[in-house]
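Here is the structure we will look at, set down as structure tokens.
The values are calculated or read from the model by the stated rules, or taken from the named source; none is laboratory data. Quantities reported herein were computed from a predicted structural model and do not represent experimental measurements. Positions of Cβ are generated from backbone atoms using ideal geometry, with glycine treated the same way; all protein chains shown enter the neighbour counts.
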Amino acid sequence: MIETYLLEHLVAFKNHRTLSEAAEALHLTQPTLTRSMSKLEDEFGVKLFEREKKRLYLNDTGKVAAEYAEDILHMHEAMEEQVRLSDRRSKTITVGSCAPGPLLELMPRLSTTFSNMALSTEMTDEETLITGINNKTYQMIILNHQLEGELYHSQHCGSEHLCASLIPEHKLAYESSITFKQMDGESFLMVSEVGVWDAIVRKHMPKSKFLLQSGTESLMEVAETSSLPAFSTDLTNRVLGMRHNRFSVPFSDKDAQMDFYCICLKSEYKNYINWFKRL
């Protein structure tokens, strides 16, 4: 069997075309690379190179060998990547979500259920989540709707209601509920990554400005000294607690309430059956 390093040397020679340039790219001496080329010919038992004075170049058979060598090295890299990925998957549960709230509430429970495994979370768009569950980048995803089709198991895992976080002096702070229309035009403090909520508030409050903060902690710090409205939800209030000296007033609009579904491939359901029983 031909050793991998010889294939690497052959591909380098194919790409750089001269022994000196290939040797430099491989951080080898030219005599070392020359010996590799001779060893390859011995391994194949055929002539791979043409030699003219001080010049060495691939013949037609050598070109075929170099092309196959390149393919084999690519497959070797892919194999290593997939083996490592498989090992990570066996030790890690990666969950993708369309919104941050469900991750806050569900991850501690998931960690308890699978105490022998590491957890990794990511928030991204729906298209990426669906692609990820299909190619097993994610073991589970959370969407704001069920995923139809025989490939998936979808189960309701919670809901979230959007609220405005208002200082006591705000004219609507003592209302039992408000509407997007009532708040449209006001500037809001908002976390930069709120998933599907971003499009909803921008759609229903087109006149408002949204001052983005890098994270929840940053937003809470700014909110402490600001009179601007901010966003909260019943879920984040439940997990993180109410913000000091602010009232959380729910939006009454239909789009202000959202159900979430935890989804896995049906072929993987048996691995997570204890989790879905807890939902």
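Worth a mention:
- Where Leu56 falls short, out of the listed (1) closer than 30 Å to Lys277 by Cβ; (2) in contact with an Asp or Glu (Cβ under 9 Å, 6 or more places away or on another chain); (3) not polar (S, T, N, Q): (1)
- Residues that are among the β-branched types (Val, Ile, Thr) and either in contact (Cβ under 8 Å) with a residue 12 or more places away in the chain or touching a strand residue (DSSP E or B) at 6+ places or on another chain (Cβ under 9 Å) (or both) within the stretch 124-142 comprise Thr124, Thr128, Ile130, Ile133, Thr137, Ile141, Ile142, listed in sequence order.
- If you go through the stretch 46-94 and keep only what is hydrophobic (A, V, I, L, M, F, W, C) and within 30 Å of Thr137 (Cβ to Cβ), you end up with Ile72, Leu73, Met75, Ala78, Met79, Val83, Leu85, Ile93.
- Residues in the stretch 39-67 that are exposed (fewer than 12 other Cβ atoms within 10 Å of the Cβ) and in a helix (DSSP H, G or I): Asp42, Asp60.
- Subset of the stretch 188-247 [of a type in the set (Val, Ile, Thr) and either in the same structural domain as Leu104 (by TED's automatic domain parsing) or closer than 20 Å to Tyr174 by Cβ (or both)]: Thr233
- Of the candidates Ile200, Ile178, Ile263, the single residue that is within 18 Å of Ile167 (Cβ to Cβ) and of a type in the set (A, V, I, L, M, F, W, C) is Ile178.
- Top-ranked residue in the stretch 68-113 [being part of a helix (DSSP H, G or I) and small (Gly, Ala, Ser); ranked as surrounded by the fewest Cβ atoms within 10 Å (Cβ to Cβ)]: Ser90
- The sole residue among Glu150, Glu169, Glu175 that is of a type in the set (Asp, Glu) and within 33 Å of the chain's Cα centre (by Cα) is Glu150.
- Residues (farther than 20 Å from Leu103 by Cβ and out of contact with any Ser or Thr (no Cβ under 7 Å at 6 or more places or on another chain)) located in the stretch 134-168: Asn134, Asn135, Glu148, Gly149, Glu150, Leu151, Ala164, Leu166, Pro168
- Cross-chain or 6+ apart pairs with Cβ under 6 Å, the stretch 8-23 first and without any contact (Cβ under 8 Å) to a residue 12 or more places away in the chain, then surrounded by fewer than 16 Cβ atoms within 10 Å (Cβ to Cβ) and in a helix (DSSP H, G or I): His16/Ala25; Ser20/Gln30; Ala23/Gln30
- Restricting Lys207, Lys181 to those that are touching a residue at least 12 places away in the same chain (Cβ under 8 Å) and in contact with an Asp or Glu (Cβ under 6 Å, 6 or more places away or on another chain) reduces the list to Lys207.
- Selection from the stretch 246-275 of residues that are of a type in the set (D, E, K, R) and closer than 17 Å to Ile93 by Cα: Lys266, Glu268, Lys270
- Here the helices (runs of 4 or more DSSP H) wholly within the stretch 125-237 that include at least 3 residues being touching a Gly at 6+ places or on another chain (Cβ under 9 Å) are 126-134.
- Residues that are touching a residue at least 40 places away in the same chain (Cβ under 8 Å), part of a strand (DSSP E or B), touching a helix residue (DSSP H, G or I) at 6+ places or on another chain (Cβ under 7 Å) and not charged (D, E, K, R) do occur in the stretch 115-123, at least one of them.
- Flag for Val191 being surrounded by 13 or more Cβ atoms within 10 Å (Cβ to Cβ), at pLDDT 95 or above, within 30 Å of Gln146 (Cα to Cα) and out of contact with any Lys or Arg (no Cβ under 8 Å at 6 or more places or on another chain): no
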